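Heads up: the structure comes next, in structure tokens.
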């Protein structure tokens, strides 16, 4: 962490400009060895000022005409002296500029090392650093809202507030323990109990947001299934936004499982379209049917599709008997004159604990039934009262586990207080809660956890 590091911080390829970032104690000196200007050297340049000059390689050859901007510690992203060189965005010229910087004394940064240094220097909490990685990899508008701007600091703010109150409570209890005869502490058992209960309520409130955060960031395994020619692939194509699955009037067209990442409102779906479930006509179709059932057995969301123009069959009963945490039955083709079995399918769906939604998928996304399906998915997996970007939201399993550990410790403290146990036991539980919260914020975290988090970053970030 004391080395001066460098990396290309913009995507590789051809573009208008590229940025090479240098950070560390010798960042300015390293840059001065390769950046030649007719006026002031970079070490004479004011903070956040830019200069125009040429990058020269180790043989004295000019590589490119560039702009270099200097940021002095601690007023930089990493908290260290930093220089950002903006050069022309060709793949070769960018690599040559980086090579010159490395020859001048910097080493190539590891994945996420710039952000890890920002965390180490106290510029970011660990949850804020995680949000930086989430922002870079955001693939949906909901993910962007959950991680951009001030959103990344909301969870840290609430966790720090809870941690601070636990510290204050511990201080008052410890005074009572250490000086029992001096009457220095103004806290009694009832007040401590009320405080612990209030802290547990706030921790549980944060924990409840993980349902939404997980659906937005990690996504939900969703499977479309049903008997052949019911409209499964049409629904899949509507979610994907293109003709990803072949749709024909021929039953059994889909024989393998297709998978894509799509959105249903704020929810990210890992959506699979499967072969029609029926008695297979050949060995290939049998494999497809078996894969469909296997995918359905692992789904968090099961969307069954049914043709309202044909009578209920044993295949429909088998499909609706499949189990999943959330089941929605799409009753299709209701626009047709012969759609006379809508009520029968609706009744069967309710009997099998599936939410029935009637629609005509051929009408596309503008049909109210598709909108109702999206709304049902959002309602099942997110809290509509949560405003992404404005409310603190737990986005990752690591954060959720830390909060769950803290809440468990707070509940133990409540039990100790109501059970009349010694104050030392109460403080032990409160310290456990504090330790768990510190692992979330990064005030107490192992190198192994840091390596896992920052290893997912790109090299230039």
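The values are calculated or read from the model by the stated rules, or taken from the named source; none is laboratory data. Computed from a predicted structure; not experimentally measured. Neighbour counts are summed over all protein chains in view; Cβ atoms, including those assigned to glycine, are modelled from backbone coordinates with ideal geometry.
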message = Suppose the filter is within 30 Å of residue 404 (Cα to Cα), at pLDDT 90 or above and under 29 Å from the mean Cα position of the chain (by Cα); does residue 238 pass it?
response = no
query = Since residue 29 meets every condition but one in (1) assigned to a helix (DSSP H, G or I); (2) surrounded by fewer than 17 Cβ atoms within 10 Å (Cβ to Cβ), which condition does it not meet?
reply = (2)
Boolean, residue 450 is surrounded by 17 or more Cβ atoms within 10 Å (Cβ to Cβ), part of a helix (DSSP H, G or I) and over 21 Å from the mean Cα position of the chain (by Cα) = no
query = Can you tell which of 353, 371, 367, 337 is free of Cβ contacts under 8 Å to residues at least 60 places away in the same chain and at positive phi?
reply = 353
request  = Scan segment 378-395 residue by residue and report those that are touching a helix residue (DSSP H, G or I) at 6+ places or on another chain (Cβ under 6 Å) and not in a helix (DSSP H, G or I).
outcome  = 382, 383, 386, 388, 389, 392, 393, 394, 395
task = Kindly list, by first and then second residue, each pair from a residue in segment 184-196 that is over 16 Å from residue 428 (Cα atoms) to a residue that is assigned to a loop (DSSP other than H, G, I, E, B) and modelled with pLDDT under 80, limited to pairs with Cβ atoms under 8 Å and residues at least 6 apart or on different chains.
result = 185/179
message = For the structure I just gave you, tell me whether residue 98 is in contact with a helix residue (DSSP H, G or I) (Cβ under 6 Å, 6 or more places away or on another chain), touching a residue at least 12 places away in the same chain (Cβ under 8 Å) and assigned to a helix (DSSP H, G or I).
response = no
